[in-house]
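Written below as structure tokens is the structure these notes are about.
The values are calculated or read from the model by the stated rules, or taken from the named source; none is laboratory data. Treat the numbers as computed from the prediction; the structure is a model and nothing was measured. Cβ atoms come from the backbone with ideal geometry, glycine included; neighbour counts cover every protein chain shown. Calculation scope for accessible area: heavy atoms of the full protein, side chains included, ligands and nucleic acids excluded. Shrake-Rupley method; radii C 1.70, N 1.55, O 1.52, S 1.80 Å.
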Amino acid sequence: MNGKIDNWAGKRVWIIGASSGIGAACATLLLEQGASVALSARHRASLELLCAGQPLALALPLDITQPVQLRAVGAELARHWPQIDLILVVAGGYQAMRADTFDLAAAQSLLALNVGGVFNCLDVALPWLLRQGRGGIGIVASVAGYGGLPQALAYGASKAALINLTESLYLDLHGRGIDVYQINPGFVATPLTAGNDFAMPALMTARDAAAAMLDGIERGQFHIHFPKRFTNAMRLVRLLPYRAYFWLIRKVTGL
């Protein structure tokens, strides 16, 4: 559904959300393969540490909830790179939330980051990609967006929104020569999941998750999901009638 990538050498990739977890691991893998990588996130020190000794790396700190910052960084990057091959929006947050612990302010903050922040990124990315008529954009959603899950009252809703968003983007951009990637990880060992107090089936390392993500992009896939033994099971379970789906999710999670 997208063009294939045979070699990352010489490619220019902007990773938004690169200070830790999948984003940082992805940046490391791309740099190892000769790509030029711009790394953005809120934590300047983490970005500079990742860029140390890497002549092809560029640290550009920003907060995706601040559109003015994003536009300024996008303009700065465009001065370094007149063309860009791929923009990966990995940034996001997680907060466990159930109906009996509902917190409106926390829910609004999470949606502002996970959904509003992605739209802020699109405000910069889409004009650049459309102007050059090539390149691609990948957005990290989550398996939690496939269907309702315990403790995901706000998080799951935010990721379901991104799944819908990437589908609409693909329909709008595919005919314009721009690739779109919907990326749905399962459980990945990152600072966001470190506090989970429930079993996380098929937990992956951040490096393995980044490798799976890049493999899907290289193959030209639109829907990139991993680890497949877990994500495919979730997709199949979602086809069950609601009564069976709810029973099975409660049984598996114990929640």
Practice problem: On the full set of protein chains, 1.4 Å probe, figure out the accessible area of residue 247 and give it in Å² to the nearest 10. | Solution: 150
Quiz prompt | Amide H contacts of residue 225 (H built 1.01 Å from N, under 5 Å, at least 5 apart or other chain) | solution = 184
Quiz item: For residue 100 and residue 168, FRET efficiency with R0 = 35 Å and r from the beta-carbon atoms, rounded to 0.05?
Solution: 0.55
Quiz prompt | Helix-only CD estimate at 222 nm, as mean residue ellipticity for the chain, using -39500 (n - 2.57) per DSSP H run (n ≥ 4) | solution = -14000 deg cm²/dmol
Self-check item: About the Cα centre, charge dipole magnitude for the stretch 204-255 (Lys/Arg +1, Asp/Glu -1 at Cβ), debye
Solution: 360
Quiz item: Which length gain, in nm to one decimal place, applies between residue 109 and residue 176 when the Cα-Cα distance is subtracted from 0.36 nm times their residue separation?
Solution: 20.8 nm
Quiz item: Along the stretch 173-182, what does the Karplus equation 6.51 cos²θ - 1.76 cosθ + 1.60 (θ = phi - 60°) give for ³J(HN,Hα), rounded to whole Hz, x for Gly and Pro?
Solution: 9, 4, x, 9, x, 10, 7, 10, 10, 9
Quiz item: If you place +1 on the Cβ of every Lys and Arg, -1 on the Cβ of every Asp and Glu, and leave all else neutral, what size is the dipole of the stretch 1-113 about its Cα centre, to the nearest 20 Debye?
Solution: 200
Quiz item: Going 7 Å from the Cα of residue 63 in the Cα-to-Cβ direction, what parts of the stretch 117-154 have a backbone nitrogen less than 19 Å from that spot?
Solution: 117-124
Quiz item: So what is the accessible area of the stretch 37-191 per residue, in Å², with the probe set to 1.4 Å?
Solution: 44
Self-check item: Spherically averaged projected area of the chain from its Cα convex hull (nm²)
Solution: 13.3
Self-check item: Carbon and sulfur %, accessible surface of the stretch 21-76 computed with the full protein complex present, 1.4 Å
Solution: 54
Exercise. Enter the accessible area of residue 32 (Å², nearest 10), with the probe set to 1.4 Å and all protein chains included.
Key: 120
Quiz item: Can you give the charge dipole size of the chain about its Cα centre, rounded to the nearest 20 debye, using +1 on the beta carbon of Lys and Arg and -1 on the beta carbon of Asp and Glu?
Solution: 480
Practice problem: Could I have the simple spin-label model distance between residue 134 and residue 49, label points 7 Å from Cα toward Cβ, reported in nm to one decimal? | Solution: 3.7
